[in-house]
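Here is the structure we will look at, set down as structure tokens.
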Amino acid sequence: MTSHQGQNTAEVRDRKIIHIDMDAFYASVEQRDNPDLRGKPVAVGGSKERGVVAAASYEARKLGVRSAMPSVTAKRQCPDLIFVKPRFEVYKEVSRHIRSIFAEHTEIIEPLSLDEAYLDVTENIQGIPIATEIATMIRAKILSETGLTASAGISYNKVLAKLASDQRKPNGQFVITPKMGPSFVEDLAVGKFHGIGPATTAKMNALGIFTGMDMRNQTLEFMAANFGKAGAYYYWISRGIDERPVRANRVRKSVGAESTFSLDLADYDALAAELQPLIEKVWHHCETTGARGRTATLKVKFSDFELITRSRSVTLINSESDLSNLALDLLKQLMPPTQAIRLIGISVSGFADPEPEDQLPLMFDEADVR
């Protein structure tokens, strides 16, 4: 018997996948390294006046502070909130340490970011037959060696493993078995599924689709007609089916840097001056990794928080000068702006020789880093 994509159903259902998610990673590192922050509401990134929260401690989350929340809103939610500047190099080093612990059990590791990854432990290095035992061992070693807690989800596919890791946060783990899978997603709000963001949630709700069961009640043709290629993915995950393998070498699709200003800007020269160090940072990464992309994308957020992007593609962006010229040309097209600008960013994508996504995505603004 084969499944919808032609793979052996039994083989897919016998997979053992662990999703490890560090608990409030950036904030937990800061609290670990600074005893004065322990037990207090902490926000990494942003400031009292500008930017957005990159990560929030559990003490802050209990008071309504969330990642990507504007700093002003976060401070209003939690007047005692302590803002801490991010230390990217420290987070990257801790992440490398954690990944070395994963590698003691399996070579099939798919990092999603610095603080989370999928592990396929179906056939693992130590020959341990029970995935929950491996997850327990990994979490214990992370705690003993880094002083940080992690949560884990264990299941037979990626989408369910990720859902499972949210069930016992912080510092817990949860298993979704093949028998549990289809029923587990029935009552789940569509916005809780990995890969369904706010815009898609709103579109689904407008079509009368609010839960996994509502999705399951739609035909494959209906989902494809309304959601394009993603429609089939939504159709199958509503049935607890996800055949995507854990990919050991995810390819980075873009690298970028951005900055939120202390005062909104509308003058071209001032904006160009703010853009230049971001161009230098992005190009430094391209130089040190040997990556060469084809597309430059300018990101602009206006004073009313409207966000737009403008892109241009060439044969190859081969120098910092090439990137600078593209970025400044894209900026000139927006002049004069319809309103003042609070954030600007530049990214490169379309790499000729894609690199493994094994580092922190370059988003240097304190605001928009997870």
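Things to note:
- Hits among lysines - C-alpha to C-alpha of K141 under 21 Å, sequence gap 8 or more where chains match: K16, K92, K162, K169
- By the beta-carbon count within 10 Å of each Cβ, the least crowded to most crowded order of D33, D23, D242, D304, fewest first, is D304, D33, D23, D242.
- The chain: angle of helix 268-289 to the longest principal axis, Cα-based, in degrees nearest 10: 50
- Length-normalised contact order of the range 254-349 in % [C-alpha pairs under 8 Å, at least 6 apart]: 48
- Global form of the range 186-237, assessed from the alpha-carbon gyration tensor, a/c cut-off 1.5: rounded
- Taking Lys and Arg as +1 and Asp and Glu as -1, the other residues whose beta-carbon sits under 10 Å from that of D21 total -2.
- The angle between the Cα long axis of helix 131-146 and the longest principal axis of the Cα atoms of the chain comes to about 40 degrees, rounded to the nearest 10.
- Per-selection Rg to Rh, the chain - Cα, Kirkwood hydrodynamic radius: 0.98
- Value of relative contact order over the range 186-237, rounded to a whole percent, pairs C-alpha under 8 Å and six or more apart: 29
- Contact order relative to length of the chain, as percent, for alpha carbon pairs under 8 angstrom and 6 or more apart: 18
- Counting beta carbons within 10 Å around each of E274, E59, E287 and listing the fewest first gives the order E287, E274, E59.
- Among L328, L114, the order by Cβ neighbours within 10 angstrom, fewest to most, reads L328, L114.
Read-outs throughout are calculated quantities, based only on the coordinates presented, and are distinct from any laboratory measurement. In this text, all values refer to a predicted model and were calculated from it rather than measured experimentally. Note that each Cβ is placed from the backbone with ideal geometry, even for glycine, and that neighbours are counted across all protein chains shown.
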